[in-house]
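Peer 1: Pasting a structure below so you can have a look.
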Amino acid sequence: MSSSALGRRLVACLLNISEARRRDLVETVARAAITDTHGKKREGITVLNIFNDVDYNRSVITIVASIDLLREAVLSACERAFSLIDMNVHEGAHPCMGAVDLVPLYPLGEEVGLEDCGKEAQALATALTERVAGTSAFLFGWADSPQRRGLAQRRKEIGWFKKVKDMSSIQPDVGPLATRRYGITGVGASPYVMNCNVTIDTQDLALGRIVALAIRESSSGGIPGVQVMALPHEGVMEIACNVESVQGGPPSSSSYGEEQWPSFVIGGQNFCHAPASLITERVAELATHHGVAIKGTALVGFTPRECRRLAEGALSNGIGEFWKELQRVHM
């Protein structure tokens, strides 16, 4: 990544909230990150993107700022989301357990490390449960000290994938026992995670799960860094992938494709991530083997390099509502 003074302390938060069908509500949450309680614009904060998925009833809001400024922006957005979203009446195809379901912090700049983001995530989780009475959180990644359990493991431990409704059975890391009104929020820090979703032209959930299992990192021959679910989506199956950045250089095996794996540096350590083209190609091969075609691939948000580049541009020009500019500059 480039090394401009503006970018060296940048951190991204890809805030996941359990609402997409009320777009005005989602934009209200996003604006809470970039304006204070008096409606005054916060300097040094930008919302790069808002991704809504109506079927999933889930939105991802990309907030970027210096690590010194990010906490208050994220807390304000979370407060607003908790005031507007009631998990008692939530419906959606995507697993979730909190009105604010996920608060992941990702370092973008050379002067911010994973340990820094982990400590910031811990402080954010504590502040959130203090400011919004009745909220609770579990920690993952570099915020989960000293184990550093990954998000997929923590979600499995609390029953997130099964959409467990009995909140009394969940032991939070921060805050009181979870309530159904707010649910429980995952707060953590890790190297950057992209979302790459490939749709296949079938309604067969069993087939979708076969494809998902084959590319999952934990499977033999799976793609490093890929955590994946098969979910019904708009009448077909979506192979929904979290593409985690992995430490070190790209895999040397030719089975991971010819395209260069994008790489970047965090705290002097090299990281890379699987390209979307490889995931699409592998899903297409598996689906075709079962006589099914793919319909398309969607990236949610940006690559790490894109995120930093766009944030530097938005912040240098004082653009807080950058999501409104996105179509013009990011085609």
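Peer 1: State, to one decimal in nm, how far the label point of GLN171 lies from the label point of SER316, with both points 7 Å from Cα in the Cβ direction.
Peer 2: 5.0
Peer 1: Once you have the Cα-Cα distance between THR288 and VAL54, take 0.36 nm times their residue separation minus that, and quote the gain in nm to one decimal.
Peer 2: 81.5 nm
Peer 1: In square nanometres and to one decimal, what's the mean projected area of the convex hull around the Cα atoms of the range 1-92?
Peer 2: For the range 1-92, the mean projected area of the Cα convex hull comes to 6.4 nm².
Peer 1: Could you tell me the calculated FRET efficiency between GLU306 and ARG22, based on Cβ-Cβ distance and R0 = 30 angstrom, to the nearest 0.05?
Peer 2: It comes out at approximately 0.60.
Peer 1: Determine the dipole magnitude for the range 204-317: charges of +1 sit on the beta-carbon of Lys and Arg, -1 on that of Asp and Glu, nothing else is charged, the reference point is the Cα centre, and the result goes in debye to the nearest 20.
Peer 2: Once rounded to the nearest 20, the dipole reads 160 debye.
Peer 1: Quick check on the chain: of the DSSP beta bridges with both residues there, what percent are antiparallel, nearest 5%?
Peer 2: Expressed as a percentage, antiparallel bridges in the chain total about 85.
Peer 1: Hey, any idea what Rg/Rh is for the range 174-237, computing Rh the Kirkwood way over Cα pairs?
Peer 2: Ratio of gyration radius to Kirkwood radius: 1.10.
Peer 1: At 1.4 Å probe size, with no ligands or nucleic acids counted, give the accessible surface of SER220 in Å², nearest ten.
Peer 2: Ignoring ligands and nucleic acids, SER220 comes out at about 120 Å².
Peer 1: Here's something else I'd like to know. Provide the per-residue ³J(HN,Hα) series for the range 190-199, in order, calculated from phi with Karplus coefficients 6.51, -1.76, 1.60 and θ = phi - 60°, each as a whole number of Hz, with x at glycine and proline positions.
Peer 2: Per residue, the Karplus-derived 3J(HN,Hα) values read 6, x, 3, 10, 9, 10, 10, 10, 10, 9 Hz.
Peer 1: At 1.4 Å probe size, with the rest of the protein present, what percent of the exposed accessible area of the range 196-331 is carbon and sulfur atoms?
Peer 2: Answer for the range 196-331: carbon and sulfur cover 48 percent of the accessible area.
Peer 1: Another question, if that's okay. Which order do TRP142, TRP261 take when ranked by solvent-accessible area (1.4 Å probe, heavy atoms of all protein chains), largest first?
Peer 2: Putting TRP142, TRP261 in descending order of accessible area: TRP142, TRP261.
Peer 1: Same structure again: According to a simple spin-label model (label point 7 Å from Cα along Cα-to-Cβ), what is the distance in nm between ASN88 and ASP36?
Peer 2: Label-label distance for ASP36 and ASN88, simple model: 3.5 nm.
Peer 1: To the nearest µm²/s, what D does Stokes-Einstein give for the range 76-118 at 37 °C and 0.692 mPa s, using the Kirkwood radius over alpha carbon pairs as Rh?
Peer 2: 257
Peer 1: Can you list the residues, at least 5 places off or on another chain, whose amide H is less than 5 Å from the amide H of GLY109, using H built in the peptide plane?
Peer 2: Long-range HN contacts for GLY109: LEU10.
Peer 1: When the Kirkwood radius is taken over all Cα pairs of the range 202-331, what Stokes-Einstein diffusion coefficient follows at 25 °C and 0.890 mPa s, in µm²/s?
Peer 2: 149
Peer 1: Step through the residues of the range 104-121 one at a time and calculate ³J(HN,Hα) from phi using the Karplus curve (6.51 cos²θ - 1.76 cosθ + 1.60, θ = phi - 60°), rounding each to whole Hz and writing x for Gly and Pro.
Peer 2: For the range 104-121, the Karplus-derived couplings read x, 10, 10, x, 10, x, 5, 8, 10, x, 5, 5, 4, 5, x, 5, 5, 5 Hz, x marking Gly and Pro.
Peer 1: Continuing with the same structure: If you average 1/r over all unlike Cα pairs in the chain and invert the result, what Kirkwood radius do you get in angstrom?
Peer 2: Roughly 20.0 Å, rounded to one decimal.
Peer 1: Using a 7 Å offset from the Cα along the Cα-to-Cβ direction at both GLU130 and PHE161, what is the distance between the two label points in nm, to one decimal?
Peer 2: About 3.6 nm, to one decimal.
Peer 1: In whole percent, and with a 1.4 Å probe on the protein chains, what portion of the accessible area of the range 1-118 is carbon and sulfur?
Peer 2: 48
The values are calculated or read from the model by the stated rules, or taken from the named source; none is laboratory data. Since the model is a prediction, treat every value here as computed from it, not as a measurement. Because the Cβ atoms are built from the backbone with ideal geometry, glycine has one as well, and the counts that use them run over all protein chains shown. For the accessible areas, the whole protein counts, side chains as well, though only heavy atoms, and no ligand, DNA or RNA atoms are used. Shrake-Rupley method; radii C 1.70, N 1.55, O 1.52, S 1.80 Å.
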